[in-house]
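Inspection log for the structure reproduced underneath, given as structure tokens.
Derivation of every value follows stated rules applied to the coordinates shown; laboratory data play no part. Everything numeric here is computed off the predicted structure, so don't read it as measured data. When we count neighbours, we look across all protein chains shown, and the Cβ atoms used for this are built from the backbone with ideal geometry, even at glycine.
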Amino acid sequence: MRSMNKSGLLIRLAVVMVFSSLAVGFISSQLFYRLTYLGEVDKSKKQISELYKTVSATASIAAYLSDHELAKEVVVGLATNGVVQGAIMEFGDEVVSTDMEGKENIIQFDLHSPFEQGRIVGHLSMIPDPAYIQLRAKEIGLDNAKALIAQASAATLIAIIIIYLMITQPMIYISKSLHKTTPGTSKRLIIPEFHQNSELGDLVVDINNLLSNTQQQLAAEQTLRDDLELLEKRFRMIFESSQSPIILMEPRGSILLYNHAFTKLLDKINTDIKKNFGALLGELFKEPETLLKNVRLAFANDEISTGEYQIVSSLDEKPIWVHVVASSIISEDMKEYYQLTLHDISKRKKELDKLNIRANYDQMTQLLNRHAGEKNIQKLIYEKQEFVVILMDLNGFKEINDKYGHDCGDEILINVANILKYSVRHDDFSCRWGGDEFVIILTGVDKEAIRIIVKKMLLKINEPYFLSAHKQEVSVGASIGAAFHPKDSTEMLGLVQMADKAMYHTKQSRASGKALDLTFADEVDD
Amino acid sequence: MARLKITLLVILLQLLAIDGLAAEQDLVVVVNINNPTSKMSKSQVIDLFMGRYIAFPNGEKATPIDLIDEQDIKIFFYQNLVGMSLARVNAYWSRVKFTGRVKPSVKVPSETELIQHMNSSPLSIGYMERRNLTKHLKVVYALNE
């Protein structure tokens, strides 16, 4: 039981009270004993004086007559008295005494002549018995001590009972109630009976105030915690459900936080998650240097860095492009973190590429269109490259088109376009200039090489073509003109016009029966 | 004749003395004329009569002579010497005698016999009225001095 606790208030109090009452009892008994002893010594002196008075007549006679026997009788008689340890009579030269142990505190009386007052005939001395006095003092002292102990015990018992009823019991009650009370609940302590205005009552009131405050505080904290949890949940939702990978990292590349989208991205490129993919996830990008350069530049200007970068991936046919948003965050403890958000733009990139193709290529022949061809020529001029512009016009196409229809004409054009595609090197290009006109650009070739190439091309173009729709073989020819940059012209328009002139010259030659395949611009006379 | 006259005078004086006993008696302590002691103090007289000493100051053994019964002269003597009634003196003696150590004085029936005894005993000491002094005796202490 809690109330019987060894260090409980009541036990402690009882121990202290018992010990202090014992100590006080002990000290006061000692004091009493001392006083009693001194009193007893006084008393014994008085008793001895009385004794003297009683025996003085006989003692005087004995001394007067030097009567040894009588003196002996007197001293022996005195010694039988408890208070006297020993007695001595001196008269003349004689000394009569009883056996004795010491001669301390000796009390001497004069013995007068029985017949003449004032004539001293001897002395009677008595020695008080210290043991007897002590014994008596002890007896009295013991009685006193007993009385004191009884009194102290009674007082202690009463005090303990009162303290138990008045203080300890209510305190234990308060303590137990408090023990059973959980802070934050609406439960309060009850003020013990008769303590409405006591310090214990005040204590209970204070405890209850404290409990109320705690309850309010806990409630407020709970609300705050709930809000925070909700907020955190939402943040987590945003973060986790984001389709774009979000990564929080240290400037040196250690990843602190990443979302599900990031792992999905890594899955897509068959890479296992690592703690560090290098600064700004450099290992994941095809051109990390560009990314690093751009990001550092932006951060140096306190700006957010945005840019489009390609992710390294084994499947080259499906390139992954991401729009990277990188920002630098300085935390409250002055640490720098980088936040990276990667938006997948692969699809858009693909569509853009498609758009690009549509804009630059001839839908039907899949050759570059005139617009793209002109742009490429401009670019080569800008780069001051040496190249040749070869202009080709089909012969006999119009007739086939008119005779068999547009579909058949288109078939012929696609066939020629395919021949052109496979006849030029990778770095060169060909394009559909319009109608049945084509332009081929070759770099780093001389006239002889051109002649060989053109001859090969024409061989294939001249081959009869089977029109499956009409089960009919048809064939077309081509007239070709070529102009060199920068020898013939340094301008696109000039080059094309000169090539066109040369081509016209070729076409004319057919009419004159010479039947040229190819004419160079510098061979044409104005 | 002279002897008769003296005797008559003594009788007269005795009469007077008896008559003045209540008032004043001229008692003296006497010893034989041959006793070397010529003068004693009151204490010395007390000591001899009350049994403390049994010798004169010079060391000669002394024999105190007292009267029997309660005679006026005896009453007067003790009253004046130790300030006690005869009853108390007797009580004293009875107590002292009990121990058997002290020898009480020799008792004679009358002053006359005391004088007769004293006349022939050089080591005796006694008391009497001054007027009864003989030539064989001498005063060593006077009670009314």
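Within the range A:373-454, list the GluC sites (Glu not before Pro) lying in a DSSP loop whose Cβ has at most 10 other Cβ atoms in a 10 Å radius.
In loop regions of the range A:373-454 (DSSP not H, G, I, E or B), the sparsely surrounded GluC sites (Glu not before Pro) are A:Glu383.
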Open item on the list: Charges on Cβ only, +1 for Lys and Arg, -1 for Asp and Glu, centred on the Cα centroid of the range A:103-153; of A:His123, A:Ser113, A:Asn144, which one is farthest towards the dipole's positive end?
Closed with: A:Asn144
Task: Square roots of 5 times each gyration tensor eigenvalue, C-alpha, the range A:150-193, largest first, Å - done: 33, 8, 4
Open item on the list: More than 20 angstrom separation, counting every C-alpha pair in the range A:246-347; what % is that?
Closed with: 33 percent
Task: Descending semi-axes in whole angstrom, ellipsoid equivalent of the range A:371-428, from the Cα gyration tensor - done: 30, 12, 10
- [ ] Determine, for the range B:25-142, the count of lysine pairs separated by eight or more sequence positions (or lying on different chains) whose alpha-carbon distance falls under 25 Å.
- [x] 28
TODO: Can you tell me the dipole magnitude for chain A around its Cα centre, using point charges on the Cβ only (Lys, Arg +1; Asp, Glu -1), in Debye to the nearest 20?
DONE: 1500 debye
Task: D_trans [Stokes-Einstein, Kirkwood Rh over alpha-carbon pairs] for the range A:50-92, 4 °C, 1.567 mPa s, µm² s⁻¹ - done: 126 µm²/s
Task: Longest to shortest principal axis, alpha-carbon extents of the range A:322-372, angstrom - done: 64, 18, 9
Task: Tail beyond 21 Å, pair distance distribution of the range A:361-523 (Cα, percent) - done: 44 percent
- [ ] Take the alpha-carbon centre of the range A:313-359, take the same for the range A:126-181, and report the distance between them in whole Å.
- [x] 92 Å
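Rg/Rh for the range A:82-131: what does it come to with C-alpha atoms and Rh from Kirkwood?
On the way: Rg = 12.1 Å, Rh = 11.6 Å.
Rg divided by Rh gives 1.04.
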Task: chain A - percent relative contact order, Cα under 8 Å, separation 6 or more - done: 7 percent
Open item on the list: With only alpha-carbon pairs counted, each pair once and no self-pairs, how large is the Kirkwood hydrodynamic radius of the range A:189-240 in angstroms?
Closed with: 13.7 Å
TODO: Under 18 Å Cα to Cα from A:Lys507, which aspartates and glutamates show up? Leave out anything in the same chain fewer than 8 places away.
DONE: A:Asp393, A:Glu399, A:Asp436, A:Glu437, A:Asp517, A:Asp522, A:Glu523, A:Asp525, A:Asp526
Task: For the range A:382-478: lysine pairs under 22 Å (alpha-carbon distance), excluding those fewer than 8 apart on one chain - done: 12
Task: Sparsely packed trypsin sites (Lys or Arg not before Pro) within the range A:370-479, loop by DSSP, other Cβ within 10 Å at most 11 - done: A:Lys384, A:Arg425, A:Lys471
Task: Mean-position separation - Cα centroids, the range A:422-441 and the range A:469-526, in angstrom - done: 14 Å
Task: Rg/Rh for chain A, where both radii come from Cα atoms and Rh is the Kirkwood radius - done: 1.76
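With the Cα gyration tensor of the range B:43-118 giving a ≥ b ≥ c as the square roots of its eigenvalues, does the rule (a/c under 1.5 for rounded; else a/b larger than b/c for prolate; else oblate) give rounded, prolate or oblate? Before the final figure, lay out the partial values.
On the way: a/c = 1.45, a/b = 1.07, b/c = 1.36.
It is rounded, given that a/c, with a ≥ b ≥ c, falls under 1.5.
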TODO: Please sort by residue number the trypsin sites (Lys or Arg not before Pro) in the range B:36-145 whose DSSP state is loop and whose Cβ has at most 10 other Cβ atoms within 10 Å.
DONE: B:Lys39, B:Lys135
Task: Ellipticity estimate at 222 nm from DSSP helix runs (n ≥ 4, -39,500 (n - 2.57)) divided over chain A, nearest 500 - done: -17500 deg cm²/dmol
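Only Lys, Arg, Asp and Glu count, each charged at its Cβ (+1, +1, -1, -1), so figure out the dipole size of the range A:343-500 about its Cα centre, rounded to 20 debye.
Details: 22 positive and 24 negative charges, 102 e Å.
About 480 debye.
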